[in-house]
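Right, one structure below, let's go through it.
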Amino acid sequence: MKHALSREGLATGTRRSMASVLSATGLALVSVLASGVAAEANDIGDCILSGEVGSIKLQPVNEGVLTVETALPNPGWWNGDTPEQITTGFEYCLAANVAHRAGLKEIRLVIASFPAMIANVNPGKDMAMATISITAERQKVMQFTAPYFNSDIGILVKKGTAVDAAAMKTFRVGVLQGSTGAKYVADEVKPAELREYPENPAILAALMAGQIDAAVNDTAILLGLASKSNGALEVVGQYSTGETYGSILPKDSPNKEAIDQAIEDMRKDGTLDKMASTYLSDIWGADPTKVPYLKP
């Protein structure tokens, strides 16, 4: 659902985008500018913005903009298949709120693969978000912001597939390479066969082609994918893992305290809940709390 926040006195502007290539990492860089920006306005995309402009201070890697790394597609979190299309989504608008509160009017998107994001090889960003779980192992080698969302691990299958704990042991299960779901399935579920894929579209293709029997990833992600399958796929169960999402920061980032403050302020003032209701619940068409839990 596209949500626009109206304001009085906004001048109508144009949305511009700028693409370049980061040759050192092979990442695509796209600059997405706010629409309708006047000298006194601070709108970014079509996001719900809250909080006081200038309430936090950042030292961005690119002057005047917040540079954010992500992986696409990720419906509900980043609504659009290309950076140029994205004007809403929970994580996009979380970044927009951080930028807004820092007095920045632009988000610059850096597109990478999920494994590259977990490797944290790109220093040219202020933060990275792609529904990334905070784990003790990852915290040993990278810096996370405060958590902004809770998520367990779900099971996606073709509609009508019977699934229980015993059936999962016999399945060929697809997982996202480098994800916490991959580790959980290998260590706890122990299916007949485990196949790793670099991106979610590859997992979906394998599931639809009958090359795997189930896909396991964060429940929040799978609900978004199921909602776009025209009823062909469904999330039939989940495992309780107590995971939370956080943004990865570059090594020795000077912005952790400020971004953490923005996230905590958004939690307290209800902005995170409002964004979840606006950008996630409608696109999923399902309540993640109603998905039954299985034991591994």
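The values are calculated or read from the model by the stated rules, or taken from the named source; none is laboratory data. Predicted model, so just to flag it, every value in this text is computed and none were measured. When we count neighbours, we look across all protein chains shown, and the Cβ atoms used for this are built from the backbone with ideal geometry, even at glycine. Note: areas computed on protein heavy atoms with side chains; ligands, DNA, RNA excluded. Shrake-Rupley method; radii C 1.70, N 1.55, O 1.52, S 1.80 Å.
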* Pick the calculated Rg/Rh (Cα atoms, Kirkwood Rh) for this structure from (1) 0.95; (2) 0.97; (3) 1.10? -> (2)
* Structure fact -> Interchain or sequence-distant (5+) residues whose placed amide H lies within less than 5 Å of the amide H of residue 149 are 245
* How do the peptides 284-293, 154-163, 219-228 rank, highest first, by the average count of neighbouring beta carbon atoms within 10 Å per residue? -> 219-228, 154-163, 284-293
* Asked: What residues of segment 200-231 lie in the reach of a label at residue 82, counting those whose backbone N is under 19 Å from a point 7 Å from the Cα along Cα→Cβ?
  -> 201
* Quick one: helix 256-268 against the long Cα principal axis of the chain, what's the angle to the nearest 10°, folded into 0 to 90? -> 80
* **Relative contact order %, segment 157-296, counting alpha carbon pairs below 8 Å whose residues are six or more apart** => 28
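What percentage of the solvent-accessible surface of the chain, computed with a 1.4 Å probe over protein heavy atoms, is contributed by carbon and sulfur atoms?
Details: 6490 of 12710 Å².
Answer for the chain: carbon and sulfur cover 51 percent of the accessible area.
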* Asked: When only C-alpha pairs under 8 Å and at least 6 residues apart count, what is the relative contact order of the chain, in percent?
  -> 22
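Report, for the chain, the % of DSSP beta bridges that are antiparallel, rounded to 5. Kindly include the intermediate steps, with their values, before the conclusion.
Numbers: 30 of 46 bridges.
Of the beta bridges lying entirely in the chain, close to 65 percent run antiparallel.
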* Please give the calculated 222 nm ellipticity per residue for the chain, where each DSSP H segment of at least 4 residues contributes -39500 (n - 2.57) and the sum is spread over every residue; nearest 500 deg cm²/dmol? => -6500 deg cm²/dmol
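What is the local net charge at residue 295, summed over the other residues whose Cβ is closer than 15 Å to its Cβ (Lys, Arg +1; Asp, Glu -1)? Don't skip to the answer; put the middle values down first.
Details: positive: 169, 190; negative: 152, 164, 187, 188.
Net charge around residue 295: -2.
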* Structure fact -> Karplus ³J(HN,Hα) for segment 82-96 (6.51 cos²θ - 1.76 cosθ + 1.60, θ = phi - 60°; Hz, whole; x = Gly/Pro) runs 10, x, 5, 7, 7, 10, 9, x, 4, 6, 4, 6, 5, 4, 4
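Order the peptides 233-242, 173-182, 88-97 from the highest to the lowest mean number of other Cβ atoms within 10 Å of their residues. List each step's numbers first, then the result.
Values: 233-242: 19.2, 173-182: 23.5, 88-97: 27.4.
With the highest mean Cβ count within 10 Å placed first, the list reads 88-97, 173-182, 233-242.
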* **Reachable lysines, given that their alpha-carbon falls under 25 Å from the alpha-carbon of residue 125 and they are not under 8 places away in the same chain** => 57, 105, 140, 251, 256
